[in-house]
1. Does the range 245-267 contain any residue that is assigned to a helix (DSSP H, G or I), of a type outside the set (D, E, K, R) and surrounded by 14 or more Cβ atoms within 10 Å (Cβ to Cβ)?
2. Take the conditions more than 25 Å from Y89 (Cα to Cα), at pLDDT 95 or above and open to solvent by less than 30 Å² (accessible area, probe 1.4 Å) and apply them to V291. Does it pass?
3. Quick one: I131 ticks every box in (1) over 26 Å from P243 (Cα atoms); (2) among the β-branched types (V, I, T); (3) over 17 Å from the mean Cα position of the chain (by Cα) except a single one, so which number is it?
4. Could you tell me which of the residues T306, T270, T302, T274 is of a type in the set (S, T, N, Q) and farther than 26 Å from D36 by Cβ?
5. When you scan the range 220-229, do you find a residue that is of a type in the set (S, T, Y), open to solvent by less than 40 Å² (accessible area, probe 1.4 Å) and in a helix (DSSP H, G or I), even just one?
6. In the range 64-102, how many are open to solvent by less than 20 Å² (accessible area, probe 1.4 Å) and not in a loop (DSSP other than H, G, I, E, B)?
7. Go through the range 136-156 residue by residue and tally those that are surrounded by 24 or more Cβ atoms within 10 Å (Cβ to Cβ) and in a helix (DSSP H, G or I).
8. Tell me, please, whether a residue that is open to solvent by 50 Å² or more (accessible area, probe 1.4 Å) and not in a helix (DSSP H, G or I) can be found in the range 306-315.
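The values are calculated or read from the model by the stated rules, or taken from the named source; none is laboratory data. For clarity, every value in this text was computed on a predicted model and none was experimentally measured. FYI the Cβ positions are ideal-geometry reconstructions off the backbone, even for glycines, and counts take in every protein chain you see. Side chains included, ligands, DNA and RNA excluded: accessible areas come from the protein's heavy atoms. Shrake-Rupley method; radii C 1.70, N 1.55, O 1.52, S 1.80 Å.
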Amino acid sequence: MFAAKIIKNRFSLTCLSLAALSLTWSGVAQAQSSSDFPNKPIRLVVAFAPGGSTDIAARILAQSLTGILKVPVFVENKPGAGASIGTQYVANAAPDGYTYLVTSPSFIVNPLTMGATAGYAPDKDFAPVSIPATQPMAVVVNEKIPAKNLNELKDLSLKKDLSYATAGNGTPPNLTCDNLFRQYWKADVTHIPYKGSGPALIASVSGETPIFCGAVAGVSQFVKQGKVKVVAVSSDKRLPSMPDSPTFAEQGYPEIKDDLWVGVFAPAKTPKETLLKMNQAISQAITSKDVLEKLDQNDFITVGGTLEQTVENVQKDLARWDKTVKAIKAQPQAK
């Protein structure tokens, strides 16, 4: 009951409408020129703890971008508050092209669920650069949990007190699994937030928190070791790295397709010439054989695209998550 009340109160914080987040992306519209970029080290600020999917992708990119841009590109982790701490940090950084946010759909979900307390507005405080890659979300259970699929986990959750780990309150995996457990199943499964998907996954592997909801990056190694089981993935087809793990769709949940992209964003008013150079460098990186192999090893699917295509993709995802958040708010909470 207490957990359900917390979740209900969290969603009541929502005060931003889709219209308010029109994604005018002032950073692109008001850009200036910067012909000498880059001439010093570049920071990729990851809004989550080391070891998670966003962090893994950022480090793969940083290594490749260092060679492409001929300056050091390094990753700096600033986790906490469901990715809001790192996001606010970049929002307040100088718009000179040397500090970027690398994040997940939490970037657009937080303002929808937290309202002004998120501390930033995607359309006013940031300029999109690229969505290098995306990957499916998974529901993972510790080896000691007697469930191999969603039906077995549902039966168990209605009989036993269970908890699930995510990268933080209000993150997309939190919303997806909260919707699955409470609305679909009417089960009171307690949410335990961590400072990133890496720590959340390790909590499930160790048995500290029996269920993990998050991106599939890093999961397959623990599946091979027999330490966890994947009871569902959000991809259209089963993943080659985990052929025994069923999809949501084949288990009767075709509407759950909450893939988790990795996005790169700059502070608003960053010169457009700089944004274009970074976009082109990322596009070059994700088409290289080395980066493609590393992303594939971690179950990422490359996306890329122009600045305009990135804005369009984020707009579509914003509309989808806005609809999901409103649907969850409209539904009565499980007792």
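1. Of all residues in the range 245-267, those assigned to a helix (DSSP H, G or I) come to 249-251.
Subset that is of a type outside the set (D, E, K, R): 249, 251.
From what is left, the residues that are surrounded by 14 or more Cβ atoms within 10 Å (Cβ to Cβ) are 249, 251.
Yes, the range 245-267 contains at least one residue that is assigned to a helix (DSSP H, G or I), of a type outside the set (D, E, K, R) and surrounded by 14 or more Cβ atoms within 10 Å (Cβ to Cβ).
2. Numbers: more than 25 Å from Y89 (Cα to Cα): yes; at pLDDT 95 or above: yes; open to solvent by less than 30 Å² (accessible area, probe 1.4 Å): yes.
Taking the combined requirement at face value, the residue satisfies it.
3. (3)
4. T302
5. Looking for residues that are of a type in the set (S, T, Y), open to solvent by less than 40 Å² (accessible area, probe 1.4 Å) and in a helix (DSSP H, G or I), one finds at least one in the range 220-229, hence yes.
6. Of the residues in the range 64-102, 12 are open to solvent by less than 20 Å² (accessible area, probe 1.4 Å) and not in a loop (DSSP other than H, G, I, E, B).
7. Qualifying residue count for the region: 1.
8. Pass one, the range 306-315, residues open to solvent by 50 Å² or more (accessible area, probe 1.4 Å): 306, 308-309, 312-313, 315.
Next, only the ones that are not in a helix (DSSP H, G or I) stay: 306.
Yes, because at least one residue in the range 306-315 is open to solvent by 50 Å² or more (accessible area, probe 1.4 Å) and not in a helix (DSSP H, G or I).
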